[in-house]
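Report on the following structure.
Read the figures in this text as sums done on the coordinates, not as results from a lab. Since we're looking at a predicted model, the values are computed, not measured. FYI the Cβ positions are ideal-geometry reconstructions off the backbone, even for glycines, and counts take in every protein chain you see.
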Amino acid sequence: MNINATLIGQSIAFAVFVWFCMKFVWPPIIKAIEERQKKIADGLNAGERAQKDLEKAQQEIAEQLKEAKQQAAEIIEQSKKRGAKIVEEETQRGHEEREKIVASGHEEVTAERNRVREELRKQVAVLAVSGAQKIIEREIDKDAHSDIVEKLVAEL
Amino acid sequence: MVSGEQTPTQYIQHHLQNWTVGEGFWAVNVDTIFWSVLLGVLFLWSFRRVAKKSSAGVPGKWQCFVEMIVEFVDNSVKESFHGKDKLIAPLALTIFVWIFLMNLMDLIPVDWLPTAAMYGGYWLGFVDDPHDVYMKVVPTTDLNTTFALSISVFALIIIYSIKYKGVKGFAKEMTLTPFNHWALMPVNFVLESITLLAKPASLALRLFGNLYAGELIFILIAMIGLFQLPAHFAWAVFHILVITLQAFIFMMLTIVYLSMASSEH
């Protein structure tokens, strides 16, 4: 319980411990702690930045998507219009073509009819003449009555 | 209780006696020196292991624990001591952990180590009677330890005062405060000296008083027979707080004193 030389011994021990701690223990540990703190802070910052980037990117995506949708709608609208127009034009052209074909058919039919009629008339004339000739051969002279026959032929 | 042949007084006295070698002032309390140095080396060795391997990567469990203590001390220093100083933080760490470990010896049941030492000394032939072996295992219940610490801190207070204020500034502070008049210089000097000397005295006596009282109560509890078990447990639980708090107070006051010494009023 007395104060004695232990005091000196303890003081020396204390001084040595403090020196050792100051030299070999404290600096590496505090350095590691500070480095880790910095690392964690950096990591958190990076995370925050990434979060912001992500939000920005998402916003951009939404905008682009909206724009794309709009464009798509426009394109569809345009193509519908164009399709309708093409259909209309084609219908029109079809009509015209049909009419043209029908008209030309008509013409052809008319021309054929005329030709056939002309031929028939000629054949009937010949037939009539030959019939009349046979009748007249029996009764009258061919030359004397030819004017009447010609008149008849002209009337056909 | 060690043996039936002791009276309670003898038992208590035996527990409070240091193992001393030498006579008079030059006597040395071998047990105090042995346990404190052992604990100091244990502290430095275990912390040094962490320091050697420390990196900014993922820390191990022990490293985490050590870093927790280091950071706690570092924060305490940063809160109280403004300015840069390479010594104060490691000093505070050493004080905190070393005193804590020395106080922790108080929680080892009071008879274990002394009894082991008694019979060990007897069987090894150092003494003829086991009761001649004295072993006080809590270094902070020895005034020599607490005063060694507080006087070292006191020396640092003087050194820091002179370092930061100069001899002139320190002398001024000692003689011109609290009454700033030349005629009152002697009064001031007496007051300031008392203030200054009260710091190491209170540091040492507070730590010693708390631990000595705690130790004494452990010894008294050890004498009450079977009921000592719950009583010992209760007091030990309470004592965990005391030993930590005392280590913390010693560290904190050291930081505060040194910060006062290194700054103007």
Exercise. Once the Cα atoms of helix B:30-53 and of chain B are each reduced to a long axis, what angle between those two axes, in degrees from 0 to 90 to the nearest 10, is obtained?
Worked result: 70 degrees
Problem set entry | Residues of the range B:198-214 with amide N under 20 Å of a point placed 7 Å along Cα→Cβ from B:Ile162 | B:198-201
Seminar exercise, completed: For chain B, longest principal axis from Cα atoms; helix B:185-221 axis from its Cα atoms; angle between them, nearest 10 degrees, is 20 degrees
Seminar exercise, completed: Where a ≥ b ≥ c are root eigenvalues of the Cα gyration tensor, a/c under 1.5 meaning rounded, otherwise prolate if a/b exceeds b/c and oblate otherwise, the range B:1-68 counts as oblate
Exercise. In chain B, which longest range has no GluC sites (Glu not before Pro) that are both DSSP loop (not H, G, I, E or B) and surrounded by at most 12 other Cβ atoms within 10 Å?
Worked result: B:24-263
Problem set entry | Helix-only CD estimate at 222 nm, as mean residue ellipticity for chain B, using -39500 (n - 2.57) per DSSP H run (n ≥ 4) | -24500 deg cm²/dmol
Problem set entry | Estimated FRET transfer efficiency (B:Tyr122, B:Asn75; beta-carbon r; R0 41 Å; 0.05) | 0.25
Problem set entry | Among the listed pairs A:Lys39/B:Lys53; B:Lys86/B:Lys199; A:Lys31/B:Lys199; A:Lys52/B:Lys61; A:Lys23/B:Lys136, those beyond 28 Å (Cα-Cα) | A:Lys31/B:Lys199; A:Lys52/B:Lys61; A:Lys23/B:Lys136
For this session: Compute the signed sum of charges (Lys and Arg +1, Asp and Glu -1) over the other residues within less than 15 Å, Cβ to Cβ, of B:Phe47.
Result: +4
Seminar exercise, completed: Neighbour-count ranking for A:Asp147, B:Asp111 (other C-beta within 10 angstrom, fewest to most) reads A:Asp147, B:Asp111
Exercise. Among B:Val50, B:Val237, what is the fewest-to-most ranking by other Cβ atoms within 10 Å?
Worked result: B:Val237, B:Val50
For this session: Find out how many positive minus negative residues lie around B:Ile99, taking Lys and Arg as positive, Asp and Glu as negative, among other residues whose Cβ is under 15 Å from that of B:Ile99.
Result: -2
Exercise. What 222 nm value per residue comes from the helices of chain A, counting each DSSP H run with n ≥ 4 as -39,500 (n - 2.57) and dividing by all residues, nearest 500 deg cm²/dmol?
Worked result: -34500 deg cm²/dmol
Exercise. Shape call for the range B:138-193 from the C-alpha gyration tensor, a ≥ b ≥ c root eigenvalues: rounded (a/c under 1.5), prolate (a/b greater than b/c) or oblate?
Worked result: oblate
Problem set entry | Largest to smallest principal axis extent of the C-alpha atoms in the protein assembly as shown, angstrom | 201, 67, 36
Seminar exercise, completed: For chain B, the longest principal axis of the Cα atoms and the Cα long axis of helix B:228-261 enclose an angle in degrees, to the nearest 10, of 20 degrees
Exercise. What is the sum of charges around A:Pro28, taking Lys and Arg as +1, Asp and Glu as -1, for the other residues whose C-beta is under 10 Å from the C-beta of A:Pro28?
Worked result: +4
Exercise. Say we join alpha carbon atoms closer than 10 Å with springs in a Gaussian network model of chain B; which of B:Thr20, B:Thr145, B:Thr94 then has the biggest fluctuation?
Worked result: B:Thr20
Problem set entry | For chain B, the longest site-free run once trypsin sites (Lys or Arg not before Pro) in DSSP loop states with at most 13 other Cβ atoms within 10 Å are removed | B:87-265
Problem set entry | Projected area, mean over directions - chain B, Cα convex hull, nm² | 18.8 nm²
Exercise. How many partner chain Cβ atoms sit within 10 Å of a residue's Cβ in peptide B:79-92, on average, as a whole number?
Worked result: 3
For this session: May I ask you to compute the full-extension gain from A:Leu54 to A:Glu137, defined as 0.36 nm times their residue separation minus their alpha-carbon distance, rounded to one decimal in nm?
Result: 17.8 nm
Problem set entry | Cα convex hull of the range A:27-155 - mean projected area over all directions, nm² | 16.7 nm²
